[in-house]
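A.B. asks: Handing you a structure now.
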Amino acid sequence: MKKYVDTGKKDTRSGFGAGLTELGKINPNVVALCADLTGSLKMDEFKSNHPERFFQVGVAEANMIGLAAGMTIGGKIPFTGTFANFSTGRVYDQIRQSVAYSHKNVKICASHAGITLGEDGATHQILEDIGLMKMLPGMTVINTCDFNQTKAATLAIAEHKGPVYLRFGRPKVPNFTPEDQSFKIGKAVHLQDGEDVTLIATGHLVWEALEAAEALSEKGISAEVINIHTIKPLDEKAILDSVRKTGCVVTAEEHNYYGGLGESVARTLSTHAPHPQEFVATMDTFGESGTPAQLMEKYGLNAEAIINATLKVIDRK
Amino acid sequence: MPDMNYLNDLIIQVRRDILRQVHKVNSGHPGGSLGCTEFFVALFQEIMDRKEGFDMDGIGEDIFFLSNGHISPVFYSVLSRSGYFPVEELNTFRLINSRLQGHPATHEGLPGIRVASGSLGQGISVALGAACTKKLNNDQHLIYTLCGDGELQEGQNWEAIMFAAGNKIDNIIVTVDYNGQQIDGSTESVLPLGNLFGKFEAFGWDVMEIKEGNNLQAILDGMKEAKSRTGKGKPVCVLMHTVMGHGVDFMMHTHAWHGKAPNDEQLAIGLAQNPETIGDY
């Protein structure tokens, strides 16, 4: 079993900022737009390196999405930056018509996703954004798990032609994926082999799944761990190959049970190979103020929750 | 010098195209389309610097965006009669498997369309984005946009209007189809727009009016004037006073024909008032 090592806690949003800074240097067509959250999105360096390619749009997200759609006409690759809540729900119709239906090469980059935004509370903690974005035809939906993966994803989506939703977060979390990884959109990352259960996790829950797997091995349960960073298009083969072997699955995500990764996995299984599944997700609820760790515990989004779900799903085999 | 006889013939022909398109499928929006016929003909035939053919990026040419996508009948007619696609294709308006969707879309690859529109209030933002890219590309060509007056009730417009002035985007001309009508009645009765001239001006735009928006010469003169005002540090707004339903007497001065097609008898009357010129599709 491969042991993953936390090389030091870092926020995924800084991975985005680092990726954008690098893109600024290597791709002259990349432009960035931000709705009054430059520091929060870690876009400062791009802004200072390339002021002519950085657009401060103010607190006006609908206009930002429209601007980005228009900027693609003439060959630019716009990256928009704001919180996940304001990147999706607030501007759904703008994304739907001007970006998705119009096939525009816009990268919607969303920080502070999920409940780990913490103290700001439920007005800012969107837990519905993956569902909103994956329902849009042609939209690629990515949720990264650590600094290195977020940086790699940021670089990769610039090379992908078409609209992308890139979701990341605020808290500092373990950085454990390789610095030099090649990020393949739509390709699952196989983290460790196991025989008894498949743990499929995305975003901040990936590290929790690794911790759960380690604790489970002490109980004599061998867990296979798969990181799905691309929720759409989904790597169905990787999921089916694993679940056919282990016979059951736990999905884990910082998102509502409705519309999230778990639902996509359930659809895949029910279509091709029905197997027992348990969901680690928020259960149709809004969040609240608190520290990220408190909230992950209260809403059942940590290693302990994954362990409990595993024991339950194995019983159902 | 423009061939005014040809342009006037084309205007009449486009009116026929509008009426025939919406009549055939018993749906669509003739009122606003008729009101903007002279504008579209002037823009595509005389005002814009256009390249042959169509590519999405539009580098080295002027670009037009229609924000109030429901007036697609006039857009499709003028695009086809300006060489973007065969005029016969107007026969497929709003039919299944057609590139001529009820509201303009890029999805089916219709030449001349660069963004979907129909859900209102998004066109100025998109146009401003394209204007920013023109500047980044050192492309001196202009961006033109048309939006409805009722459409200005959508808040996104004002985000865009504020952004444009604040960023000195001066390679864009936004024309407002100022007909004072919307689906439920006059704009005054639905949600008054107030002093639109003053509002754009207060937001930092260079604003001008075309008082006779259904007079070809007035549009040609007005849009040339608007062009001369670009490149001076301010976005340019043209308030173009039009009459909804212009050219078909019973459709004029009312909101009733905003989104309603004529029946057989009404079509015959409308076509008789606009006898065939260049040739029906």
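Every number here is computed from the coordinates shown, using simple stated rules; none is lab data. Because the structure is a prediction, the values reported are computed rather than measured. Note that each Cβ is placed from the backbone with ideal geometry, even for glycine, and that neighbours are counted across all protein chains shown.
A.B. asks: Just from its helices, what would the mean residue ellipticity at 222 nm be for the protein assembly as shown, if runs of 4 or more DSSP H residues each count -39500 (n - 2.57) and the sum is divided by every residue, rounded to the nearest 500 deg cm²/dmol? Numbers along the way, then the final one.
C.D. replies: Details: 21 runs with 215 residues, N = 598.
Using -39500 (n - 2.57) per qualifying helix, the result is -10500 deg cm²/dmol.
A.B. asks: Let me ask something else. Give me, ordered by chain and number, the residues 5 or more places off A:ILE77 or on other chains with an amide H under 5 Å from its own placed amide H.
C.D. replies: HN-HN under 5 Å from A:ILE77: A:VAL30, A:VAL31.
A.B. asks: Still on this structure: Could you tell me the relative contact order of segment A:189-315? Use alpha-carbon pairs under 8 Å, at least six residues apart, and round to a whole percent.
C.D. replies: On the way: 233 pairs, mean separation 37.2, N = 127.
Worked out over segment A:189-315, it gives 29 percent.
A.B. asks: Report the label-to-label distance for B:ASP264 and B:ASP280 in nanometres (one decimal), using points 7 Å from each Cα along the Cα→Cβ vector.
C.D. replies: Taking the two extended label points, one gets 1.4 nm.
A.B. asks: Translational diffusion coefficient, Stokes-Einstein: compute it for segment A:219-317 using the Kirkwood radius over C-alpha pairs as Rh, at 20 °C and 1.002 mPa s, and state it as an integer in µm² s⁻¹. Don't skip to the end; give the middle numbers.
C.D. replies: Numbers: Rh = 14.2 Å.
Roughly 151 µm²/s, to the nearest whole number.
A.B. asks: Kirkwood Rh, segment A:10-173, all Cα pairs: how many Å? Mind showing how you got there, number by number?
C.D. replies: Details: mean 1/r = 0.0662 Å⁻¹.
This gives a value of 15.1 Å.
A.B. asks: Can you pull a Stokes-Einstein diffusion coefficient for segment A:193-268 at 10 °C (1.306 mPa s), Rh from Kirkwood over Cα pairs, as a whole number of µm²/s?
C.D. replies: Numbers: Rh = 12.3 Å.
Answer from the Stokes-Einstein relation: 129 µm²/s.
A.B. asks: So which lysines can A:LYS10 reach, going by Cα to Cα under 20 Å and dropping same-chain residues fewer than 8 places off?
C.D. replies: A:LYS42, A:LYS151, A:LYS172
A.B. asks: I would also like to ask the following. Determine the gain in length on full extension of the stretch A:ALA273-A:MET135; use 0.36 nm per residue of separation and subtract their C-alpha separation, reporting nm with one decimal. Walk me through the numbers on the way to the answer.
C.D. replies: Numbers: separation 138, 0.36 × 138 = 49.68 nm, distance 2.29 nm.
Gain on extension, A:ALA273 to A:MET135, equals 47.4 nm.
A.B. asks: May I pose another question? In 10 Å bins starting at zero, report the fraction of Cα pairs in segment B:98-158 per bin as a rounded %.
C.D. replies: Reading the bins upward from 0: 20, 43, 33, 4.
A.B. asks: On the principal axes of its Cα set, how long, how wide and how thick is segment A:115-194? Give whole Å, largest value first.
C.D. replies: 35, 33, 29
A.B. asks: Further, regarding this structure: Treat each spin label as a single point 7 Å out from the Cα along the C-beta direction, and report the A:LYS245 to B:ALA272 distance in nm.
C.D. replies: It works out to 8.0 nm between the two label points.
A.B. asks: Would you be so kind as to identify which of B:VAL207, B:MET240, B:ILE71 lies farthest towards the positive end of the dipole of chain B, taking Lys and Arg as +1 and Asp and Glu as -1 on Cβ and the Cα centre as origin?
C.D. replies: B:VAL207
A.B. asks: Hey, rough spin-label estimate for A:ASP44 and B:SER189, points 7 angstrom out along Cα→Cβ, what's it come to in nanometres?
C.D. replies: 5.7
A.B. asks: So, in Å, what gap is there between the alpha-carbon centers of segment A:248-317 and segment A:19-70?
C.D. replies: Each part reduced to its Cα centre gives a spacing of 34 Å.
A.B. asks: Report the residue, chosen from A:ASN85, A:ASN227, A:ASN63, that carries the largest GNM mean-square fluctuation when chain A is represented by alpha-carbon nodes joined by springs under 10 Å.
C.D. replies: A:ASN63
A.B. asks: Using the 2.2 N^0.38 Å rule of thumb for compact globular proteins, work out how chain A stacks up: its C-alpha Rg over that value, please.
C.D. replies: On the way: Rg = 18.6 Å, N = 317, 2.2 N^0.38 = 19.6 Å.
Cα-based Rg divided by the globular estimate yields 0.95.
A.B. asks: Hey, another quick one. Relative contact order, percent, of chain A when contacts are C-alpha pairs under 8 Å separated by at least 6 residues?
C.D. replies: 18
A.B. asks: With the calculation restricted to Cα positions, what are the radius of gyration and Dmax of segment B:141-221 in angstrom?
C.D. replies: 13.3, 39
A.B. asks: So, one more: Can you order the peptides A:282-290, B:43-51 by their average number of other Cβ atoms within 10 Å per residue, highest first? All intermediate terms of the calculation are to be shown ahead of the outcome.
C.D. replies: On the way: A:282-290: 15.3, B:43-51: 18.3.
Highest to lowest by the protection proxy: B:43-51, A:282-290.
A.B. asks: Quick one: go through segment A:181-204 and flag any residue whose amide nitrogen is under 19 Å from the point 7 Å out along the Cα-to-Cβ line of A:SER217.
C.D. replies: A:189-201
A.B. asks: Could you tell me the convex hull volume per residue, in Å³, taken over the Cα atoms of the protein assembly as shown? Walk me through the intermediate numbers first.
C.D. replies: Values: hull volume 91.6 nm³, N = 598.
Enclosed volume per residue, from the Cα hull, is 153 Å³.
A.B. asks: Over all distinct Cα pairs, what is the inverse of the mean 1/r for segment A:1-71, reported as the Kirkwood hydrodynamic radius in Å? Present the calculation step by step, with values, prior to reporting the outcome.
C.D. replies: Working: mean 1/r = 0.0741 Å⁻¹.
In segment A:1-71 this quantity evaluates to 13.5 Å.
A.B. asks: With springs only between Cα atoms under 10 Å apart, run a GNM on chain B and tell me which of B:GLY150, B:GLY60, B:GLY102 wobbles the most.
C.D. replies: Sorting by GNM fluctuation, first place goes to B:GLY60.
A.B. asks: Sticking with this structure for a sec: Could you compute Rg(Cα) / (2.2 N^0.38 Å) for segment B:205-247, with N its residue count? Numbers along the way, then the final one.
C.D. replies: Values: Rg = 11.2 Å, N = 43, 2.2 N^0.38 = 9.2 Å.
Working it through for segment B:205-247, the quotient is 1.22.
A.B. asks: I would also like to ask the following. For the pair B:GLU201 and A:LYS9, what calculated FRET efficiency results from E = 1/(1 + (r/R0)^6), where r is the Cβ-Cβ distance and R0 = 51 Å, to the nearest 0.05? Write out the running numbers ahead of the final one.
C.D. replies: Numbers: r = 52 Å, r/R0 = 1.03.
With R0 = 51 Å, the Cβ-Cβ based efficiency is 0.45.
A.B. asks: Which residues' amide hydrogens lie under 5 Å from the amide hydrogen of A:LEU191, considering only partners 5 or more residues apart or on another chain, with H built in the peptide plane?
C.D. replies: A:VAL225, A:ILE226, A:ASN227
A.B. asks: For segment B:50-140, what's the radius of gyration and Dmax over Cα atoms, in angstrom?
C.D. replies: Cα-based Rg and Dmax for segment B:50-140 come out at 13.3, 41 Å.
A.B. asks: Given Cβ point charges of +1 (Lys, Arg) and -1 (Asp, Glu) and nothing else, what value in debye, to the nearest 20, does the dipole of the protein assembly as shown about its Cα centre take?
C.D. replies: Working: 53 positive and 71 negative charges, 179 e Å.
Roughly 860 debye for the protein assembly as shown.
A.B. asks: So what is the relative contact order of segment A:10-173, in percent, for Cα pairs below 8 Å that sit 6 or more residues apart? Walk me through the numbers before you get to the answer.
C.D. replies: Details: 350 pairs, mean separation 49.7, N = 164.
Here the relative contact order equals 30 percent.
A.B. asks: Could you give the C-alpha radius of gyration of chain B expressed as a fraction of 2.2 N^0.38 Å, taking N as the number of residues it contains? Mind dumping the intermediate values first?
C.D. replies: Values: Rg = 17.5 Å, N = 281, 2.2 N^0.38 = 18.7 Å.
Computed over Cα atoms of chain B, the ratio equals 0.93.
A.B. asks: Could I ask something else about it? Have a look at A:THR271, A:THR82, A:THR38 and tell me which one the Gaussian network model of chain A (Cα, springs below 10 Å) gives the largest fluctuation.
C.D. replies: Of the options given, A:THR271 has the highest mean-square fluctuation.
A.B. asks: Past the 18 Å Cα-Cα mark, which pairs from A:LYS219/A:LYS298; A:LYS104/A:LYS134; B:LYS199/B:LYS224; A:LYS232/A:LYS317; A:LYS161/A:LYS237; B:LYS199/B:LYS234?
C.D. replies: Numbers: A:LYS219/A:LYS298 24 Å; A:LYS104/A:LYS134 16 Å; B:LYS199/B:LYS224 23 Å; A:LYS232/A:LYS317 28 Å; A:LYS161/A:LYS237 23 Å; B:LYS199/B:LYS234 15 Å.
With Cα atoms farther than 18 Å apart: A:LYS219/A:LYS298; B:LYS199/B:LYS224; A:LYS232/A:LYS317; A:LYS161/A:LYS237.
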